[in-house]
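For reference, the structure discussed in these notes is given below.
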Amino acid sequence: MSFQLTFKPYGNRSILIEWPSIISETILEDIIHFKRAISEKKIKSIVELKTAYNSLLISYNTVCRNFENEVDLLKSIYNSSRFHNDSLSVLWKIPVCYDDSFGIDLKDISNSIGLSKSDIIKLHSNGIYTVYFIGFLPGFLYLGGLVQSLYVPRKSTPRLNVEKGSVAIGGNQAGIYPNESPGGWHIIGNSPISFFDVTKKIPCFANSGDKIVFVPVSFKEHQNIKISVEAGVYNIESEAMDG
Amino acid sequence: MVEVLKEGFYDSIQDLGRFGYQQYGVPVSGVMDTYAATFANSLLGNEVKEAVMEITMTGPKLKFHCHTTFCISGANLSPCLNNMPIKMNQIVRVTDGDMLSFGKHMDGLRSYLAVFGGFQTEIIYQSKSMYQGITNHFKINKNDLLSISENTAFFNKKHASIKRNDSYLNTKVISVFKGPEFDQLSENQIKALFSKEFSISKHHNRMAYQLEQPLENHLEPIITSLVMPGTVQLTPDGKLIVLMRDCQTTGGYPRIFQLEESSMNVLSQKFTGQTIRFKWVQP
């Protein structure tokens, strides 16, 4: 692990570690490895480790009396950890129905970027997306990997109600709304999968570093999958990936 | 059992929050004013983490269906038991059929009702804090039946009062640490932040408090990063937003301050039009 990191106190019971301000998979891997290395030390005072594009936030259960000591410990963990090629990432195959009844913004995007609806669907479902982290809403995956030809500025006025499962693009990002919520991205389809399930011990199936592909399904298939999901018998198709 | 005869403006069951799930995008939640909530619990002999009812501005009308004890702390919303005024911050004994109501809003914004043994509502991810999409109920509604424990034990009223400092309900001072992007602020911005008073805009709730006066701003948004309750964000058009207990886990605005825990309690008791002033945390 070889990035020049900065360590900042954030309030009096958290430390924020920052990587260079760019979005890259190399940084993502470094963050995931560092997070795992810290977790493996099982430091009792650490309550939670949270990550975003270029940062790792460590929250402690008490006030950090000596910030420098904590930082020295974290630096030594970072410097002594080696990159193992044993990442445990998973490729998830997410069914998406791009039917007009779901893809309510397909027509507008088609007009603004000059590609046909079927081209947009093809480009979107041919991509392999990387899960950077989960944030914004419970179960909302920040996905990287959208092809440049699908970059569309976000809507100038966000919708007040975006339907659960809406598959959307906004700027250079792609995502799925895990629950009904307001939202400013363009909706191109819908997935019947639950991205956040409070009945499960761990509410999200995907982790930072995992990959996502979107598999087009018909309206009928979407409905059938939805029934299986609601009955709790649907298994998301996945593959383990080599590091 | 407590029956909700009439709902208030916005009431919910909260404990000290849901920890360990922010990595899945789940807000921390929990009582906005931890001082008031833990005080009410302590007075009853409860553990400080027991779930209480957070009552905002205008209270509900509640009917007790068992013998028990309760305590109200935080904002004074003129509580009455069977239409007779009762004191804040003291143990009150109720019997089956007693009615608790609230009247005129005297000070603060959020009042806390702790009952003996705590409210026994659903537990999701080790917390009873209500939040939409996590718990089945995200606020208290008319006709709700809330499970509580019976308490018929003898108690000595003489021992059931305690001195309490309520000055935090009236202070304007909000103590802050530097936020991760503080050092990007200009000298003029820093001067303005510490010399001006800021008032609470009408946009304030459990997620965030927006301040009325804008700050002249040139800072660009950041790459989406992590935020916490108590983080003060500065938007491109100069709005100051203080994130509260139900805030999102990530955000893209520069984080200029982080509130000291006790100042979260102070701010939680403020409402539209009241003013605050920022001050560095005293070491």
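Looking at this structure, is A:Y151 farther than 25 Å from B:V26 by Cβ, without any contact (Cβ under 8 Å) to a residue 40 or more places away in the chain and either out of contact with any Cys (no Cβ under 8 Å at 6 or more places or on another chain) or open to solvent by less than 40 Å² (accessible area, probe 1.4 Å) (or both)? The answer is yes for A:Y151.
Based on this model, can you work out whether B:L5 counts as away from chain A (no Cβ under 14 Å), among the aliphatic types (A, V, I, L, M) and open to solvent by 10 Å² or more (accessible area, probe 1.4 Å)?
yes
Count of region A:1-58 residues, restricted to those that are surrounded by fewer than 16 Cβ atoms within 10 Å (Cβ to Cβ) and among the small types (G, A, S), is 5.
All conditions but one from (1) closer than 30 Å to B:I241 by Cβ; (2) at pLDDT 95 or above; (3) within 14 Å of chain A (Cβ to nearest Cβ) apply to B:I123; the one that does not is (1).
Look at (1) away from every other protein chain (no Cβ under 14 Å); (2) outside any loop (DSSP other than H, G, I, E, B); (3) over 26 Å from A:K220 (Cβ atoms); (4) open to solvent by 10 Å² or more (accessible area, probe 1.4 Å) and you find that A:R82 fails only one, number (2).
Answer yes if at least one residue in region A:208-220 is within 12 Å of chain B (Cβ to nearest Cβ) and at negative phi, and no otherwise. Outline the logic, then answer.
Looking only at region A:208-220, we keep the residues that are within 12 Å of chain B (Cβ to nearest Cβ), and these are A:208.
Among the residues that remain, those that are also at negative phi are: A:208.
Yes, region A:208-220 has at least one match.
Among the conditions (1) on the phi > 0 side of the Ramachandran plot; (2) open to solvent by less than 30 Å² (accessible area, probe 1.4 Å); (3) away from chain A (no Cβ under 12 Å); (4) not basic (K, R), the only one that B:G273 does not satisfy is (2). Residues of region B:235-250 that are within 13 Å of chain A (Cβ to nearest Cβ) and either surrounded by fewer than 22 Cβ atoms within 10 Å (Cβ to Cβ) or among the aromatic types (F, W, Y) (or both): B:Q248 alone.
Out of region A:211-231, which residues are within 18 Å of A:A174 (Cβ to Cβ) and not in a loop (DSSP other than H, G, I, E, B)?
Filtering region A:211-231 for residues within 18 Å of A:A174 (Cβ to Cβ) gives A:211-217.
Within region A:211-231, A:K211, A:I212, A:V213, A:F214, A:V215, A:P216 meet the criteria.
Checking each residue in region A:170-206 for being open to solvent by less than 10 Å² (accessible area, probe 1.4 Å) and of a type in the set (F, W, Y) picks out A:Y177, A:F195. When B:G179 is tested against (1) modelled with pLDDT under 95; (2) closer than 18 Å to B:S263 by Cβ; (3) not aromatic (F, W, Y), just one condition goes unmet, and that condition is (1).
So if I check each of A:G232, A:G184, which one is on the phi > 0 side of the Ramachandran plot and in contact with a Ser or Thr (Cβ under 9 Å, 6 or more places away or on another chain)?
Matching residue, one of A:G232, A:G184: A:G232.
Using the structure shown, decide if B:K178 is away from every other protein chain (no Cβ under 12 Å) and either of a type in the set (D, E, K, R) or open to solvent by 80 Å² or more (accessible area, probe 1.4 Å) (or both). No; evaluated as a whole, the condition is false for this residue.
Scanning region A:130-152 for residues that are in a loop (DSSP other than H, G, I, E, B), of a type outside the set (F, W, Y) and away from every other protein chain (no Cβ under 14 Å) returns A:G145, A:L146, A:V147.
For residues in region B:129-150 being open to solvent by 70 Å² or more (accessible area, probe 1.4 Å) and more than 22 Å from B:G17 (Cβ to Cβ), which is farthest from the other protein chains (Cβ to nearest Cβ)? Residue satisfying both the conditions and the ranking: B:E150.
Out of contact with any Leu (no Cβ under 8 Å at 6 or more places or on another chain) and open to solvent by 40 Å² or more (accessible area, probe 1.4 Å): does that describe A:E239? Criteria not met by A:E239.
The values are calculated or read from the model by the stated rules, or taken from the named source; none is laboratory data. Bear in mind the structure is a predicted one, so any value in this text is a computation, not a measurement. Cβ sites come from the backbone with ideal geometry, for glycine too, and all protein chains shown count toward neighbours. We work out accessible area using only protein heavy atoms, side chains counted, and drop any ligands, DNA or RNA first. Shrake-Rupley method; radii C 1.70, N 1.55, O 1.52, S 1.80 Å.
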